[in-house]
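Engineer: Structure in structure tokens, see below.
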Amino acid sequence: MNGPATVPYGAWPSPITLDEVVAAGASLDHEVQVAVGPHGDETFWAERRPAEGGRVQVIRRRADGTTADLLPEGFSARTRVHEYGGGAWRVADGWLLFNNFEDHRLYRAPLDADGPGLAGDPEPITPASAVHHGLRYADLAVVGDFVIAVRELHHSAHTPPSEVVNEIVVLPLDGQGTEVVLVTGCDFVSSPRVSPDGAMLAWIEWDHPAMPWDATRACTGPLAVTHDNVSLGQVREIAGGPTESAIMPVWSPDGRLHLVSDRSGWWNIDASEPQTSAQMPRTELEADIGTPLWTFGMSRYAFLADGRIVFAAASGGLDRLGVVETDGTVTDLDLPYTEIESVTARSESAVFIGAGFDRESAVVEVPLPSPAAGVTVAGEPTVLRPSRDLGLDAAWFSIGRPISFPTGPDGERTAHALYYPPANAEAVAPDGELPPLIVLIHGGPTGMARARFDLSRQFWTSRGFALVDVNYGGSTGFGRAYRQLLDGQWGVVDVEDCIAAATHLADAGLADPERLCIRGGSAGGFTVLATLVASDAFAAGSSSYGIADLSVLAEETHKFESRYCDTMIGRYPEEKDVFDARSPIHHVDELSDPLIVFQGLDDEVVPPNQAEMIVDALRSKGVPVAYFPFEGEGHGWRRSETIVTALGAELAFYGRVLGFEPADELPDVDIANLPG
């Protein structure tokens, strides 16, 4: 039998094709819900489908295991509240409620009691807006015959951020009535949650310049519900403040409000005392149960029927699942999942989206241990919505591992990352050759590297690239102090840590120091550009919808992020000199590395002029640059053709710049100023 072929790194043939990556793009959309149907427990989840134009479909799984898509053609359960959306759908009392992306009206549709799908067509329950996407809804809850929701109001097609209104409203479930505002006056609201008896409402609110991971207020108020009206009584602020992020309110079955608070330095679960509203810790872990509220509908803990809590917590960049027992002890579960989202529960089991370094995301149900019943270990997971069977041997896949490394001017800090070596079942590199390295930069920047199997990563590693996904200072999952390392230091700390990650692996003999690349999108795209300005260590870069001019970002971005820079850079325009000093567009003279740029032309978060400014400047300077604008795309790729074009173009770009011939058939890429 012949052994593996000897092929240069980057040119390895791979069965993980562009089409395979696109098929993997039919991804779970962060949210899972469970409900009791007429024939037993049911599970619902959402999928984002690039092959269907990026629409979000809701799937129903009945107790007998049958599944069905619920939304007819032309409907998509997606919302633009905060531009990042989430929380666009809810199942309650036999109804599917959802915000339809096309017209941004709330709809209701009856679930079929006997079949797997709907019993009727969706019907709107909110009025049409005279302004395109002028009324937006998210984070739905039901009380009696009414729907409670976060509403975002835009008075015109170009409403200034300061004039966009975010409120909590209530409206009749049948659409036969007007909306009534329950909560208003603050800049942002999130997470309206109704107590089990329908008597209380809890929610989160915050004001500029804070982001919800900086400072929030958790509030409650009594609800008065009649057959034709809902009103909110005296409001109490029960947690939060200028130095505390209190998020994710959840009512326990006995009506006690719980929150996730980082007042200890880590996002842990607190319980609110009913009479005094004092916060009593339910967990005291050096781990983050909370995650930044970039989107609505996020869930990291849930209650079992006996009052125990099942939760996900991040430590060292990896998630784990645990249970808070009735006596307060915490049981860690030995499960093969390193990324856990959308934690919910049935009476004695957890249901969540789980992934690992060796497995794609799947909807999973796990029977939980019950010490009171003598059961001390978790049961075998049942996969309710499986990931795809790729039909490939594990030898094709690179398994990530956490690494830590010194960083900062004097190496005084420690940063973290996930490292992926090249892996291929049929190819090896020539003796002595080191692999090219791609430094991945997550968005946010208050985000984190995803600790999961991702076919788009395997696309690179199976072709002979090493990858390092950097959790630079400012990332989530390492406590509040680590998250705050980016305060006043965006474009400094993240840049230092990305350079340190690349040089650490090069010094360890795990990467070719002459073929270091860096790629990122959104805030990660800014760090790409800022790193290429600050360092000559990199041979190439890739920026997707990245920020080139921070002043333009401060002046033109949407409401949710319009004051984000106050914390990470400074007040604008008072400290415009700092914005200019950090903006790559003002340092084009220091940019000399080849760059490929991708941009959605409908992007409301990072407007296209950001990409166009940097591309025009590099063309004028004579730096090799390629530009791919995409019609109909916003902040992130949703269409299959965009994903194929962007990934294929980036591989072709690296091949020409780094000097290898990819094994794939790829389109020509127009690279201005590239010799030869």
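The values are calculated or read from the model by the stated rules, or taken from the named source; none is laboratory data. Treat the numbers as computed from the prediction; the structure is a model and nothing was measured. Glycine also receives a Cβ, built like all others from the backbone with ideal geometry; neighbour counts cover every protein chain displayed. All accessible areas refer to the heavy atoms of the entire protein, side chains included, with ligands and DNA or RNA removed. Shrake-Rupley method; radii C 1.70, N 1.55, O 1.52, S 1.80 Å.
Engineer: Against the globular-protein guess of 2.2 N^0.38 Å, express the Cα radius of gyration of segment 281-386 as a ratio, rounded to two decimals. Numbers along the way, then the final one.
Structural biologist: Values: Rg = 13.0 Å, N = 106, 2.2 N^0.38 = 12.9 Å.
Taking N as the residue count of segment 281-386, the ratio is 1.01.
Engineer: Determine the principal axes of the Cα atoms in segment 34-183, then give the extent along each, sorted from largest to smallest and rounded to whole angstroms.
Structural biologist: 50, 38, 21
Engineer: Continuing with this model, one more query. How large is Rg/Rh for segment 17-86, to two decimals, with Cα atoms and a Kirkwood Rh?
Structural biologist: Numbers: Rg = 13.7 Å, Rh = 13.3 Å.
Taking Rg over the Kirkwood Rh, I get 1.03.
Engineer: While we're looking at this one, here's another question. Out of residues 5 or more away from Thr476 or on other chains, whose amide H comes under 5 Å of its own, with H placed 1.01 Å from N in the peptide plane?
Structural biologist: Gly447, Met448
Engineer: Given contacts defined as C-alpha pairs under 8 Å and at least six residues apart, what's the relative contact order of segment 613-676, whole-number percent?
Structural biologist: Rounded, it is 44 percent for segment 613-676.
Engineer: Also: Could you give me the ³J(HN,Hα) list for segment 423-434, computed from phi with Karplus coefficients 6.51, -1.76, 1.60 and θ = phi - 60°, whole Hz, x at Gly and Pro?
Structural biologist: 8, 7, 6, 10, 9, 10, 8, x, 3, x, 7, 9
Engineer: Could you work out the Kirkwood radius for segment 585-647, taking every pair of different alpha carbons, averaging 1/r and inverting it, reported in Å? Could the numbers behind the result be given before it?
Structural biologist: Values: mean 1/r = 0.0809 Å⁻¹.
It is 12.4 Å.
Engineer: How many angstrom lie between the C-alpha centres of segment 93-148 and segment 601-671?
Structural biologist: So the two Cα centres are separated by 37 Å.
Engineer: Heavy atoms only, probe 1.4 Å: what % of the accessible area of the chain goes to carbon and sulfur, would you let me know?
Structural biologist: Roughly 49 percent of what the probe reaches on the chain is carbon or sulfur.
Engineer: Residue by residue, what Karplus-based ³J(HN,Hα) values in Hz, rounded to whole numbers, does segment 497-504 have, using 6.51, -1.76 and 1.60 with θ = phi - 60° and x for Gly and Pro?
Structural biologist: Rounded to whole hertz, the list is 6, 6, 5, 5, 4, 5, 5, 4.
Engineer: While we're looking at this one, here's another question. With every atom except the alpha carbons ignored, what do you get for Rg and Dmax of the chain, in angstroms?
Structural biologist: Spelled out, the Cα radius of gyration and Dmax of the chain are 24.8, 78 Å.
Engineer: While we're looking at this one, here's another question. Taking amide H atoms as placed 1.01 Å from N in the peptide plane, list the residues 5 or more away in sequence, or in a different chain, whose amide H sits under 5 Å from that of Gly444.
Structural biologist: Correct list: Ala523, Gly524.
Engineer: Just want to confirm a number: the relative contact order over segment 180-249, from Cα pairs under 8 angstrom separated by 6+ residues, in percent.
Structural biologist: With pairs under 8 Å counted, the relative contact order is 29 percent.
Engineer: Would you work out if segment 533-603 is rounded, prolate or oblate? Take a ≥ b ≥ c from the square roots of the eigenvalues of the alpha-carbon gyration tensor; rounded if a/c is under 1.5, else prolate when a/b is larger than b/c, oblate otherwise.
Structural biologist: oblate
Engineer: Can you tell me what the convex hull of the Cα atoms of segment 402-496 projects to on average, as an area in nm²?
Structural biologist: 7.2
Engineer: Continuing with this model, one more query. Short version: ³J(HN,Hα) in whole Hz for each residue of segment 160-172, in order, from phi by Karplus 6.51 cos²θ - 1.76 cosθ + 1.60 (θ = phi - 60°), x for Gly and Pro, what are they?
Structural biologist: Karplus-based 3J(HN,Hα) across segment 160-172 equals x, x, 5, 9, 6, 10, 10, 8, 9, 10, 10, 8, x Hz.
Engineer: Specify whether the C-alpha gyration tensor of segment 560-676 places it in the rounded, prolate or oblate class, a ≥ b ≥ c being the square roots of the eigenvalues: rounded for a/c under 1.5, otherwise prolate if a/b is larger than b/c and oblate if not.
Structural biologist: Oblate, since a/c reaches 1.5 and b/c is not below a/b.
Engineer: Still on this structure, please answer the following. Can you give the helix-only mean residue ellipticity at 222 nm for the chain, where every DSSP H stretch with n ≥ 4 adds -39500 (n - 2.57) and the sum goes over all residues, rounded to the nearest 500 deg cm²/dmol?
Structural biologist: Details: 10 runs with 96 residues, N = 676.
Calculated mean residue ellipticity at 222 nm is -4000 deg cm²/dmol.
Engineer: For segment 166-322, just the Cα set please: Rg and Dmax, both in angstrom.
Structural biologist: Answer for segment 166-322, Rg first and Dmax second: 15.9, 51 Å.
Engineer: Once amide H atoms are placed 1.01 Å from N in the peptide plane, what residues at a sequence separation of 5 or more from Phe630, or on another chain, have their amide H within under 5 Å of its amide H?
Structural biologist: When sequence neighbours closer than 5 places are left aside, the close amide H contacts are Gln599, Gly600, Leu601.
Engineer: Follow-up question, since we're still on this one. At a 10 angstrom cut-off on C-beta neighbours, averaged per residue, how do the peptides 290-302, 503-515 rank from highest to lowest?
Structural biologist: Taking the mean over residues of other Cβ atoms within 10 Å, the ranking is 290-302, 503-515.
Engineer: Here's another thing I want to ask about it. Can you grab the distance from the C-alpha centre of segment 212-260 to the C-alpha centre of segment 522-559, Å, no decimals?
Structural biologist: 37
Engineer: Give, as a single signed number, the net charge of other residues whose beta carbon lies under 11 Å from the beta carbon of Glu339, with Lys and Arg counted +1 and Asp and Glu -1.
Structural biologist: That works out to 0.
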